[in-house]
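The values are calculated or read from the model by the stated rules, or taken from the named source; none is laboratory data. The structure presented is a predicted model; accordingly, all values stated were derived computationally and were not measured. Here Cβ is always computed from backbone atoms with ideal geometry, including for glycine, and neighbour counts include all displayed protein chains. Please note that ligands, DNA and RNA were not included when accessible areas were found on the heavy atoms of the full protein model with its side chains. Shrake-Rupley method; radii C 1.70, N 1.55, O 1.52, S 1.80 Å.
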Amino acid sequence: SPSMDLPTCEIRRLGEIADLVTSVRRSRVRKEKLARALKKEGYIPKLLQLFRVCENLKDTKALHLLFDIVRGILYLDEAILFEVVFSDECVLDVFGCLEYDPCLAQPGRHREFLLEIAKLQEAIPVEDHELRKKICQMSRACYMRSIILPNPSDFEEGFLSTLTSFIKCSKEEMLSMLQKDKKFLPDIFAQLKDEAISDEQRCELMKFFKELCAFSLALRTKRDEFLDTLAKLEILPTLEILLGMKNLQVRSTATDILSYLVYFRPSMVIEFVMQEALQTDKDTQLLILVIEQMIYHPDPGFGGDNQFMEILCTLIDPENMLDSASRLEIFAFLDFFYDRCIDVITAPLLAHTLGGSYEKGNEKFNFFPLLVLKYDYQTAEMLASVLELITFCVKRHKHHMKKYVIKKNLLRRVLVLMKSKHKFLALCALRFMRKIIGLKDDLYNRYITLRKLFEPVVNTLLDNRSSYNMLNSAVLELFEFIRVEDIQPLIEHIVENYSDALESSKCVHTFQEFKKRYKQEKDRKKQKQK
């Protein structure tokens, strides 16, 4: 087919060029013709030469037109243009044109970001020239797609599919080249563990390695091979060292990488943790490091503690261990966890619920410790994370956790938090008790009744009798569950100890039913004795 005629590449004709590039967007044939014409006439370098002139002249109108032209050329989504756009000679000026978006009050800073990428790549020990070129090309293409991709409502399905395929192929080629390079990954691992390198250099290496893991694990065809390579290079002992370092950025990036491994191959991490559990002479444990990071994370409000929570729940769930360990080995792991780890988890909880008395109005009850330490919202979030984790343990580690709760009188300490001014923390404390009662375990029920652990729950209900809130609703749901499941030891305890107080509460029906069932059980026992 005949080629397309292009306007002369001059500043005064930029409007015509912009209209031409925009007009072909809906026609696949015209897009291909325009792409061939641009490539044949070396038009893109000419446009970029105009860009440098316009930027020097600070010609804002021309720069806005060049933005539309260059973005339109990229929207052609033609592979023959990518080698020009991402070449060393053109790429900086292409990103420069994209800085002058008419919708922005100030120009973007894409070229500055590209230079940061180049700085990062200089920190990576890449000797293979072709590999370095492929890394540069791929990172530029990824960044390009991120800044030119419009809102999802503005484009049809498959938009920029050629660019997406180009990026995917570049990643696969790069990963294959990395796998063949016998020095590259071992050198990175050696540098990450090297105490002599600066924190800044280690952070740059960690950024690169995290990106490498992210896109390698996203490629299904290469995922298993890459994970096998990481296992041979002892990725988990390396992450253990990095998690123990003082630099926050290094620890945060190491946590992200550990999350990838837990998500894509949890068996590898679980097996490593279980092997460590059997090494009693080992000072550092990956599991303990993750627990400490969750508890002492500097700002849980940004979701860091949730990330650690997901990792921990995956690693300590016995169901996840069944594929790689015998039941005896799982039991040995749980013995290790409750001997070495659980005290680390509950330490802040116990520290914030010191001994004393439980006060209500002018009355003083000695059944419960008094919350004497003041704490801020961040500490409350940390305690909520601890409660969420031990609630998980109640469900998954029934035997071991029951022994621990009763031995440490843990529920008594947890229920102190129901007096917290942070209502979400009070709800977490109540949820812990609800999970225990939900097991309908006789030993737990006996423990609750002997220790009179319903005291703070009843007091919470009385304190909130005029309110309609989540905490009040959760307390009522707990009592309703006991009624529906007909848990006689608890019904008997509640009626005998709190009957008068609960007569004035909102759930009169539930407590009337408690009394009825209590009387029926007493009559049944009398009949049985006869």
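Couple of notes before you dig in:
- Cβ-Cβ distances below 6 Å connect the following pairs, each with a first residue in the stretch 92-115 that is surrounded by 18 or more Cβ atoms within 10 Å (Cβ to Cβ), a second residue that is part of a loop (DSSP other than H, G, I, E, B) and not acidic (Asp, Glu), and a separation of six or more residues or different chains: 99/107; 99/108; 100/107.
- Single match in 508, 475, 457, 495 (criterion: touching a Ser or Thr at 6+ places or on another chain (Cβ under 7 Å), of a type in the set (Val, Ile, Thr) and either buried (at least 18 other Cβ atoms within 10 Å of the Cβ) or at pLDDT below 90 (or both)): 475
- Counted as qualifying within the stretch 377-496 are the helices (runs of 4 or more DSSP H) with 3 or more residues that are polar (S, T, N, Q) and under 21 Å from residue 345 (Cα atoms), namely 377-396.
- In this structure, residue 402 does not qualify as without any contact (Cβ under 8 Å) to a residue 40 or more places away in the chain and among the charged types (D, E, K, R).
- Residue count, the stretch 182-231 (criterion: more than 26 Å from residue 170 (Cα to Cα) and not in a helix (DSSP H, G or I)): 5
- Of the listed requirements (1) surrounded by 16 or more Cβ atoms within 10 Å (Cβ to Cβ); (2) of a type in the set (A, V, I, L, M); (3) modelled with pLDDT of 85 or more, residue 174 misses just one: (3).
- Residue that is surrounded by the most Cβ atoms within 10 Å (Cβ to Cβ) [pool: residues in the stretch 376-397 that are of a type outside the set (D, E, K, R) and within 11 Å of residue 435 (Cα to Cα)]: 393
- Subset tally (residues that are under 20 Å from the mean Cα position of the chain (by Cα) and open to solvent by less than 10 Å² (accessible area, probe 1.4 Å)) for the stretch 212-226: 4
- Contacts under 6 angstrom Cβ, first residue in the stretch 278-304 being closer than 12 Å to residue 255 by Cβ, partner in a loop (DSSP other than H, G, I, E, B) and modelled with pLDDT under 85, 6 or more apart: 304/297
- Of the helices (runs of 4 or more DSSP H) contained entirely in the stretch 1-108, those carrying at least 3 residues that are under 24 Å from residue 165 (Cβ atoms) and assigned by the TED database to the domain that holds residue 164 fall at 28-40, 60-75, 79-85, 91-98.
- For the residues 417, 462, 450, the requirement of being hydrophobic (A, V, I, L, M, F, W, C), farther than 19 Å from residue 480 by Cα and open to solvent by 10 Å² or more (accessible area, probe 1.4 Å) singles out 450.
- Scanning the stretch 405-427 for residues that are in contact (Cβ under 8 Å) with a residue 40 or more places away in the chain and of a type in the set (Lys, Arg) turns up 408, 412, 413, 419, 423.
- Residue in the stretch 183-211 that is least open to solvent (accessible area, probe 1.4 Å), counting only those that are more than 17 Å from residue 252 (Cβ to Cβ) and free of Cβ contacts under 8 Å to residues at least 40 places away in the same chain: 197
- Answer residue from the stretch 31-69, given it is small (Gly, Ala, Ser) and open to solvent by less than 20 Å² (accessible area, probe 1.4 Å) and is nearest to the chain's Cα centre (by Cα) among those: 35
Residues checked against (1) within 23 Å of residue 159 (Cβ to Cβ); (2) among the acidic types (Asp, Glu):
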position: 8; (1), (2): no, no
position: 14; (1), (2): no, no
position: 18; (1), (2): yes, no
position: 41; (1), (2): no, yes
position: 48; (1), (2): no, no
position: 53; (1), (2): no, no
position: 63; (1), (2): no, no
position: 71; (1), (2): yes, no
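- 2 or more residues charged (D, E, K, R) and either in contact with a helix residue (DSSP H, G or I) (Cβ under 9 Å, 6 or more places away or on another chain) or open to solvent by less than 10 Å² (accessible area, probe 1.4 Å) (or both): qualifying helices (runs of 4 or more DSSP H) within the stretch 232-296: 248-264, 266-278
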